[in-house]
Amino acid sequence: MKVDLSIITSLLSVDAGADRVVPPTGFTARLTLFTAGAMAFLAVFALALSLASGRRRQLAGRACRISHLADLCPAAQMAAQTERALKILSETPGVSEARALDPDEQRALLEPWFGPDLPVESLPVPQLIEVRETGAGYDRDGLRLRLQAELPGAVLDDHTRWRKPLVQAAGRLKFLGWMAILLIFGAMGAMITLAANAALAANSQAVIQVLRLVGATDAYIARAFVRRFTLRAASGATIGMLVGLVAVLLLPSANAEANILTGLRFQGLHWLWPLLVPVLAAIVAFAATRWAALRVLEGLR
């Protein structure tokens, strides 16, 4: 479908005569505003769900931890075993990073169960080593056997059994989120098309025929309808987007361990993504109204 650049240019201009072609109030106006606002509100939540599910890579990177049993060896021996374990991990194919957690990090892990004042340094708490794997992964059985042979006090704690279903679920949620966004804008386009058809039908005799008699072209008439409905949809979507952002902001946040399936707040630059919702709503309204206007005007000839 060829796009008339004059129609796009008219969206940014003010034409009082063209604006009077389409009734400024009525059922079609309320329907367009409500549909665009409601769909934009839902689109913000679908976008938040999709982006939150996309952060599953943070979970995927935390492959396993290795713990040294502190009650079986003194502090000096613990440090030596930790260095030996880090060396083994650095030599293991498929391991991208391995680092020993400091006392503050270990205290943060235990805080939900024992409170913030846990004296980690004076308790027989295992030394934890966080391991991040590459995309190809590493040989878990081989690494476990090597650790058992060289460091009997080391335990490979692999989280694959419970992590894999969560990663799969998060991936499906991300896909469903983007599918929901497509369906939302599709439904918005369908509703705006119905509203535009209703407005065109209501004005077919009283306005359109008279405009044709005085020399108005179909492009001029279509431009009036497209401008009115596009601006209505953009206004309604902006309101719905703002309400959706406020609702997302009021949701409880989640920490790094639980932000995969909970905590739908946007993070960082992700807060800019909802600003595209009114723009997409205007594009959908533009395409839907132009198609409806040209089809109806063609049928009235």
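Dipole size in debye (nearest 20) for segment 89-131 around its Cα centre, Lys and Arg Cβ +1, Asp and Glu Cβ -1?
Numbers: 2 positive and 9 negative charges, 23 e Å.
For this selection, approximately 120 debye.
With each label modelled as a point 7 angstrom along the Cα→C-beta vector, the E111-V155 pair spans 2.4 nm.
Taking other C-beta atoms within 10 Å as the exposure proxy, I184, I129, I239 rank I239, I129, I184 from fewest upward.
The protection proxy used here, the mean number of other Cβ atoms lying within 10 Å of each residue, ranks peptides 207-216, 85-94 as follows, highest first: 85-94, 207-216. A crude spin-label estimate for the pair V279 and L123, with each label 7 Å from Cα along the Cβ direction, gives 5.0 nm. Site pair Q267 and L249 shows an inter-label distance of 2.0 nm when each label is modelled 7 Å from Cα along Cα→Cβ.
A short reminder: the numbers here are calculations on the coordinates, not readings from a lab. None of the values given here were measured: they were computed from a predicted structure. FYI the Cβ positions are ideal-geometry reconstructions off the backbone, even for glycines, and counts take in every protein chain you see.
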